[in-house]
Each structure stands twice: as structure tokens, then as C-alpha cells.
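**Student:** Structure incoming, see below.
The numbers here are math on the coordinates, done by the rules we state, and not lab data. Given the structure is predicted, the values throughout are model-derived calculations rather than measurements. Using ideal geometry, Cβ is built from the backbone for each residue, glycine included, and neighbour counts are taken over all protein chains shown.
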Amino acid sequence: MIRIGVSGARGRMGQRIITLSKEDRDLKIVFGLERKGHPDVGKVFGEVEIIDDSARIKECDCLIEFTTPLATVEHLPYLVKFEKCAVIGTTGLNEGQQKMIEEASQKIPIVFSPNMSVGVNLLFKLIRDAACVLKDYKVYIQETHHLHKKDAPSGTAKRIAQILNEEGFSIKAEDIKAERIDEVVGDHKVIFESNLDRLEFFHSAKTRDIFAQGALVAAKWVVGKPPKLYSMGDVLFKG
């Protein structure tokens, strides 16, 4: 059985990860990690104790991280010290914080992705394939999320732009149309357009469960892997 720690356990994603994990007999949530001073520290929800002691990361096989950039990098030394793997879905990380994750991945296996959804990661693959062929097309990226999302454009939209740029396009963050509307979970659209035709790729998340389920798939996959920075593409298409 794989022992999972959930960082950001009382957040929206953390709660769904804990709930969905109960459907998998190969997984056991051994703790929920929250910031010091959180009102739920010391309480038990669904048989999961909420703690604020990062040193207890030693009790898990894999830490699933959906928190803030600061909390994410603060946990990296504990993961390295105890030689634990991690699945990181935190967005809004700056270049320095991403470099810290890369450095940690030289010592422990880490799956790091701005979007854990199986469907979105298939979208990444399809966009790369299209970009390889449609070199002379104009490309537009649009994304919509709920009003509570702090980063804009989203990490997923930035990853799409990165993929396109790796294939010869020149997309800047300010070129991405980002909207924050009501309780939209997450919509992403990529448009390839020429004078002759228009090709659209669109993914719409109906529920946050797709991200939570993807994180659990990644956690099961990464345990036992050698130190490296992995993506969900590695989990889904190379594993």
C-alpha cells in the first residue's frame, strides 16, 4: 500500500484528493498537511489527521502538493531529507521556485505539472503535434477560470504557450486571453488559423475531480522511480 501525504489538505483540491483516494485500495492517506495557525490543525476529517509539522513528511511515500508557491518550496528540503517523492500541482511558481523544484528532482523523483488532468495532458500532446505541422498559422490561446483563481494566465495556458514556442512560435503571456468568471472550473482553447481554415482544440473541466484523480494516478506511478523531474506526459504516455 502506498502512503500518501496531502499538502493543502483542507483546500478544495486537497479535500477531493482525500475523498477520491478512499476508492483506491492501493492508497492510504496518512496525514493532511496545513499551514501553521490553520483552524483545522489537530482535527480529524474522514479519518485523516490535519497536521502542521512538515517533519512528518517522513511518514509518507509520496507528498501530493496543491498549495502556494511558498509552501511548496518550504517542503522540498523535508522531501529530500527523508528521500520521499512528490506530485506537485501548485501553480504561480516563479522561475526561482521552479529551479528549486528542478534541483530537488536531482535527488528525489518529482512529478510536476500545472495541470494533472488526463484530458489536458492529451491536449498538450495534440497541440504539439499540430504545431509541428501548422508552422505558418496564427495561434491564439484563451482560458477561463473561476473568480477565486489567483494567477492569470493559468499555469496550463502558460504551458500551452511554452509548447508552442518550443515548436517555433512566439507566444507571450500577455498574448493569452485570460478570463475569470463565476465558478468555471477551467476551460482552455487553442486556435490555429490561416487564410484558408481554422482548427480549434478545446478542453473544459466539469469538476476538480479530474485534477485530483490525475494526481493520485501520478502518485501511484512515481513511487519507486529514480530521481528526476517528470511530467504528466511521462506518467500517461511513457509509463
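**Student:** Counting only C-alpha contacts under 8 Å and six or more residues apart, can you give the relative contact order of the chain as a whole percent? Intermediate values should be presented prior to the final figure.
**Tutor:** Working: 453 pairs, mean separation 51.2, N = 239.
With pairs under 8 Å counted, the relative contact order is 21 percent.
**Student:** So how do LEU134, LEU93 line up by other beta-carbon neighbours within 10 Å, fewest first? Before the final figure, lay out the partial values.
**Tutor:** Numbers: LEU134 17, LEU93 21.
Arranged by neighbour count, lowest to highest, LEU134, LEU93 become LEU134, LEU93.
**Student:** Moving on to the next point. Segment 55-106: which GluC sites (Glu not before Pro) are DSSP loop and have at most 12 other beta-carbon atoms within 10 angstrom?
**Tutor:** Here the GluC sites (Glu not before Pro) that fit, given the DSSP loop and packing criteria, are GLU83.
**Student:** Related question: List the residues, sorted by chain then number, that are 5 or more residues from LYS228 or on another chain and whose placed amide H is less than 5 Å from its amide H.
**Tutor:** ILE108, ILE110
**Student:** For a Förster distance of 25 Å, can you work out the FRET efficiency between the beta-carbons of GLN98 and LYS225, rounded to the nearest 0.05?
**Tutor:** Numbers: r = 20 Å, r/R0 = 0.80.
My answer for the efficiency is 0.80.
**Student:** As a footprinting exposure proxy, order ASP187, ASP61 by other Cβ within 10 Å, with the fewest listed first.
**Tutor:** On the way: ASP187 16, ASP61 19.
With the sparsest Cβ surroundings first, the list reads ASP187, ASP61.
**Student:** In what order do LEU63, LEU122, LEU216 fall by count of nearby beta-carbon atoms within 10 Å, going from fewest to most? If you can, show how the numbers build up before the last one.
**Tutor:** Values: LEU63 26, LEU122 15, LEU216 23.
Fewest-to-most ranking of LEU63, LEU122, LEU216: LEU122, LEU216, LEU63.
**Student:** Taking the Cα centre of the chain as origin, work out the dipole magnitude from +1 charges on Lys and Arg Cβ and -1 charges on Asp and Glu Cβ, in debye rounded to 20.
**Tutor:** On the way: 35 positive and 34 negative charges, 82 e Å.
Taking the Cα centre of the chain as origin, the dipole is about 400 debye.
**Student:** Kindly provide the GluC sites (Glu not before Pro) of segment 144-203 that DSSP labels as loop, not H, G, I, E or B, and whose Cβ sees at most 14 other Cβ atoms within 10 Å. Before the final figure, lay out the partial values.
**Tutor:** On the way: sites: GLU166, GLU167, GLU174, GLU179, GLU183, GLU193, GLU200; in loops: GLU167, GLU183.
Hits after loop and neighbour filter: GLU183.
**Student:** Could you tell me which trypsin sites (Lys or Arg not before Pro) in segment 111-164 are loop residues by DSSP with no more than 15 other beta carbons within 10 angstrom of their beta carbon? Provide the component values of the computation, followed by the final result.
**Tutor:** On the way: sites: LYS125, ARG128, LYS135, LYS138, LYS149, LYS150, LYS158, ARG159; in loops: LYS135, LYS149, LYS150.
Of the trypsin sites (Lys or Arg not before Pro), the ones in loops of segment 111-164 whose Cβ has at most 15 other Cβ atoms within 10 Å are LYS135, LYS150.
**Student:** Quick one: Karplus J couplings for segment 40-49, per residue in order, coefficients 6.51, -1.76, 1.60, θ = phi - 60°, nearest Hz, x for Gly and Pro?
**Tutor:** So the J values, rounded to whole Hz, are 9, 4, x, 8, 10, 10, x, 6, 10, 7.
**Student:** Give the span of segment 118-205's Cα atoms along each principal axis, as three whole-Å numbers ordered largest to smallest.
**Tutor:** Largest first, segment 118-205 extends 37, 26, 23 Å along its Cα principal axes.
**Student:** Mind running the shape call on segment 1-123? Use the C-alpha gyration tensor, a ≥ b ≥ c as the square roots of the eigenvalues: rounded below 1.5 for a/c, prolate if a/b tops b/c, oblate otherwise. Mind showing how you got there, number by number?
**Tutor:** Details: a/c = 1.43, a/b = 1.21, b/c = 1.18.
Note, shape of segment 1-123 comes out rounded.
**Student:** Also: Whole-Hz ³J(HN,Hα) for each residue in segment 54-69, computed from phi via Karplus 6.51 cos²θ - 1.76 cosθ + 1.60 with θ = phi - 60°, x for glycine and proline: what do you get?
**Tutor:** Residue by residue, segment 54-69 yields 5, 5, 7, 4, 4, 7, 10, 8, 8, 9, 9, 10, 10, 9, 8, x Hz.
**Student:** Could you give the distance between the Cα centres of segment 120-183 and segment 1-32, to the whole Å?
**Tutor:** 29 Å
**Student:** For ILE29, which sequence-distant residues (separation of 5 or more, or a different chain) have an amide H within less than 5 Å of its own amide H, given hydrogens modelled in the peptide plane?
**Tutor:** ILE4
**Student:** Another question about this same structure. Could you give each residue of segment 112-125 its phi-based ³J(HN,Hα) in whole Hz, using Karplus coefficients 6.51, -1.76, 1.60 with θ = phi - 60°, and x for Gly or Pro?
**Tutor:** 10, 8, x, 8, 8, 5, 4, x, 5, 5, 5, 4, 3, 5
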